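Below is one structure, written out as structure tokens; comments come after it.
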Amino acid sequence: SGSLLNGTVRRGVATGATVVLGIPGGLHVNSNRPNNEYAIPTTVRISSSEAKLSAVTYPRGKSRKFGFSEQPISVYEGRPAFGFNVTVPANFKGNVVRVRAVVRYQACNDEVCFPPKTQEVTLSARVE
């Protein structure tokens, strides 16, 4: 899921936005820097034809040891949030801004990892 701060953005002002992963209990996904050459990192790619976007900020993963790896792996559990800023141009004519977020991740339990998946979400907000 994701949100643009308060569902409203002002023209010409950077507004905070987040994409949040909901990871079910008993599962984890590899962090953006899993510290394992075989682990597929979580990535969040954002795009918008209507606004300028900052780079995505990745949370720090938790170092955990699992049955399938010799070394600890950096993972996300629960509801990690990935933040970025959205700036709508001062001369933007529309009433709504949209940001597309594509999240690629690999979910695992304590024994096995599942094939990587890609999920897409579109965030939108009113423009004032």
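Can you list, largest first and rounded to whole Å, the semi-axes you get for the chain by taking the square root of 5 times each eigenvalue of its Cα gyration tensor? Please list the in-between numbers first.
Numbers: eigenvalues 224, 28, 25 Å².
So the three semi-axes of the chain are 33, 12, 11 Å.
With θ taken as phi - 60° and the Karplus curve 6.51 cos²θ - 1.76 cosθ + 1.60 applied, the whole-hertz 3J(HN,Hα) list for segment 104-111 is 10, 8, 10, 8, 9, 10, 5, 10 Hz, x standing for glycine and proline. Distant-in-sequence amide contacts of Ala107, defined by a placed amide H-H separation under 5 Å and a gap of 5 or more residues or a different chain, comprise Phe114, Lys117.
Applied to segment 75-83, the Karplus parametrisation 6.51 cos²θ - 1.76 cosθ + 1.60 on θ = phi - 60° returns per-residue 3J(HN,Hα) values of 10, 10, 9, x, 10, x, 10, 10, x Hz, with x for Gly and Pro. By a 1.4 Å probe calculation restricted to protein chains, Glu120 has an accessible surface near 120 Å², given to the nearest 10.
If the convex hull of the alpha-carbon atoms of segment 70-123 is projected onto planes in all directions, what is the mean projected area in square nanometres?
Working: hull surface 22.4 nm².
Its average projected convex-hull area is 5.6 nm².
The amide H of Val127, built 1.01 Å from its N in the peptide plane, has Val9, Val96, Val97 as neighbours under 5 Å, considering only residues 5 or more places off or on other chains. When you filter the trypsin sites (Lys or Arg not before Pro) in segment 16-84 for DSSP loop state and at most 11 other Cβ atoms inside 10 Å of their Cβ, you are left with Arg60, Lys65.
The relative contact order of segment 65-128 comes to 33 percent, based on Cα pairs under 8 Å that sit 6 or more residues apart.
Here the relative contact order of the chain, from alpha carbon pairs under 8 Å that lie six or more residues apart, stands at 35 percent.
Rounded to whole numbers, the Karplus 3J(HN,Hα) couplings from phi for segment 33-48 are 10, x, 6, 8, 5, 8, 7, 7, x, 6, 10, 10, 9, 10, 8, 7 Hz, using 6.51 cos²θ - 1.76 cosθ + 1.60 with θ = phi - 60°, and x at Gly and Pro.
The values are calculated or read from the model by the stated rules, or taken from the named source; none is laboratory data. If you're wondering where the values come from, they're calculated on a predicted model, not measured in any experiment. Cβ sites come from the backbone with ideal geometry, for glycine too, and all protein chains shown count toward neighbours. Each accessible area value is taken on the protein alone, full model and side chains, heavy atoms only, with ligands, DNA and RNA left out. Shrake-Rupley method; radii C 1.70, N 1.55, O 1.52, S 1.80 Å.
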